[in-house]
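Working notes, structure below.
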Amino acid sequence: MSRTRIMGVLNATPDSFSDGGLHLDPERALAAALKMIAEGADILDIGGESTRPGSPSVSVDEELRRVLPVIVALRSAQVTVEISIDTSKPEVAAAALSAGATWINDVTGFRDPRMRVLAAERDCTCVVMHLRGTPADMAEKAIYRDVVAEVKAELNAAVEAMLVAGIQRHRIILDPGFGFAKNAAQNLELLARFSELCDLGLPLLAGCSRKSFIGAASGEIDARRRLPGTLAAHSAAQLAGARFLRVHDVAEAVQAARVIDAVTSLQSSAGASHGSTR
């Protein structure tokens, strides 16, 4: 993959931490999705349940009511981008795939065996995120001796379970879970040592967009005003090996990512040229 791919966030929820309530109406959600595509999104990640810290779970029926009309509308519009369903419920994932989604983005890391069976049967792309506990109690579980080593080990265990279930390795993308069961200092350490995650040998996704650790580092309280910090965090992750970026602000993310792609391409060319003269 020669360029970093951009995943646009579309939360059809009333309570997501920075865009809750904006896309509950299917028509508004479709308009927002089409705007992201026009701005350069490669993947749309559609979610119907907030995963902000302390957020309560919603029923399968309610989550389906929120996401299915958006997916159906996008496929009716004949969009060519990948559609990802952001869910930890196998029933929601199955219905979304049948409606036209091609990815499952599971913040619980495909912990539910039924989700692994579904992914194997449908042969879809899987984003496996690191999370301890649930969004409701994850803050209590942010206890690590070495956050990077432990995230790597736990992601590796999740991958092994997926391979055993019959999911093809080339279908797996890993997300270290910035903001999930990690405090601000741990998130920053994870970002500073992001390159160590490349040892897992699978494509990496970074989802730092508007997260609270950016606010902690920059002093910006309003999540909607954290675009500069988001671009800085994602650029750092991209330089360290991230191949996918999950973002709220697509146009700005695409522009920043293309610049980093150009720089890393020149670095690779220069390194190859230097090596060939030895």
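The values are calculated or read from the model by the stated rules, or taken from the named source; none is laboratory data. These figures come from a predicted structure and were not determined experimentally. Note that each Cβ is placed from the backbone with ideal geometry, even for glycine, and that neighbours are counted across all protein chains shown.
Quick notes
- Check on S50, within 15 Å of the chain's Cα centre (by Cα), at pLDDT 95 or above and among the hydroxyl-bearing types (S, T, Y): no
- If the condition is being surrounded by fewer than 16 Cβ atoms within 10 Å (Cβ to Cβ) and more than 24 Å from G177 (Cα to Cα), then the stretch 35-61 contributes K35, A38, D61.
- Pairs, first crowded, with 19+ Cβ neighbours inside 10 Å in the stretch 129-157, second among the β-branched types (V, I, T) and in a helix (DSSP H, G or I), C-beta under 8 Å, six or more apart: H130/V151
- For the stretch 87-105, the tally of residues that are in contact with a helix residue (DSSP H, G or I) (Cβ under 6 Å, 6 or more places away or on another chain), crowded, with 18+ Cβ neighbours inside 10 Å and either among the charged types (D, E, K, R) or not in a helix (DSSP H, G or I) (or both) stands at 4.
- Checked against (1) over 25 Å from L64 (Cβ atoms); (2) out of contact with any Phe, Trp or Tyr (no Cβ under 8 Å at 6 or more places or on another chain); (3) acidic (D, E), D123 passes all but a single condition, namely (1).
- Residue within the stretch 110-126 that is crowded, with 24+ Cβ neighbours inside 10 Å, touching a residue at least 24 places away in the same chain (Cβ under 8 Å) and in a strand (DSSP E or B) present: yes
- Residues in the stretch 39-72 that are part of a helix (DSSP H, G or I), over 24 Å from D249 (Cβ atoms) and either basic (K, R) or in contact (Cβ under 8 Å) with a residue 60 or more places away in the chain (or both): R65 only.
- Extreme residue, nearest to L155 (Cα to Cα), among residues of the stretch 167-181 that are over 16 Å from the mean Cα position of the chain (by Cα) and touching a residue at least 24 places away in the same chain (Cβ under 8 Å): R169
- Every condition in (1) in contact with a helix residue (DSSP H, G or I) (Cβ under 7 Å, 6 or more places away or on another chain); (2) surrounded by fewer than 17 Cβ atoms within 10 Å (Cβ to Cβ); (3) not in a loop (DSSP other than H, G, I, E, B) is met by E160 except one, and the failing one is (1).
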